[in-house]
1. Checking D77 against (1) in contact (Cβ under 8 Å) with a residue 40 or more places away in the chain; (2) touching a strand residue (DSSP E or B) at 6+ places or on another chain (Cβ under 9 Å); (3) open to solvent by 70 Å² or more (accessible area, probe 1.4 Å): exactly one of these is not met. Which one?
2. Would you tally the residues in the range 33-49 being open to solvent by 70 Å² or more (accessible area, probe 1.4 Å), free of Cβ contacts under 8 Å to residues at least 40 places away in the same chain and either out of contact with any strand residue (DSSP E or B) (no Cβ under 7 Å at 6 or more places or on another chain) or aromatic (F, W, Y) (or both)?
3. State all residues of the range 17-39 that are hydrophobic (A, V, I, L, M, F, W, C) and within 16 Å of D77 (Cβ to Cβ); if no residue qualifies, say none.
4. Can you tell me how many residues in the range 50-70 are open to solvent by 10 Å² or more (accessible area, probe 1.4 Å), not charged (D, E, K, R) and not in a strand (DSSP E or B)?
Amino acid sequence: MLLLLNSRHSFCERAGVKTTRIGIEGMTCLNCVTHVQKALEAVSAVKEAKVVEGEATVEHDGASDEELLRAVRAAGDYVGKIL
């Protein structure tokens, strides 16, 4: 499984909360979206995850790129890339 990493975080208006966008390949249905969203929300530093087919937007207070990508991998046979 290939994981590409190019870390760029933008800051939300709330202090200390970062937003990370993840491009995700391999999601083919609504169940895939649900699995990825639940996996991202299970990361302790994640405050909110919004997932649509092909992309996730994650608000967190310090989750590493690797933690987020590991969650995407754990959800199924998906390839994640930090956008």
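1. (2)
2. Counting residues in the range 33-49 that are open to solvent by 70 Å² or more (accessible area, probe 1.4 Å), free of Cβ contacts under 8 Å to residues at least 40 places away in the same chain and either out of contact with any strand residue (DSSP E or B) (no Cβ under 7 Å at 6 or more places or on another chain) or aromatic (F, W, Y) (or both) gives 3.
3. Once the filter is applied, which keeps residues that are hydrophobic (A, V, I, L, M, F, W, C) and within 16 Å of D77 (Cβ to Cβ), the range 17-39 yields I22, I24, M27, C29, C32, V33, V36, A39.
4. Qualifying residue count, the range 50-70: 3.
The values are calculated or read from the model by the stated rules, or taken from the named source; none is laboratory data. Just so you know, these numbers come straight off a predicted model, no measurement behind them. Backbone-built Cβ (ideal geometry, glycine too); neighbour counts: all protein chains shown. The protein model used for the area step is the full one, side chains on, heavy atoms only, and it has no ligands, DNA or RNA in it. Shrake-Rupley method; radii C 1.70, N 1.55, O 1.52, S 1.80 Å.
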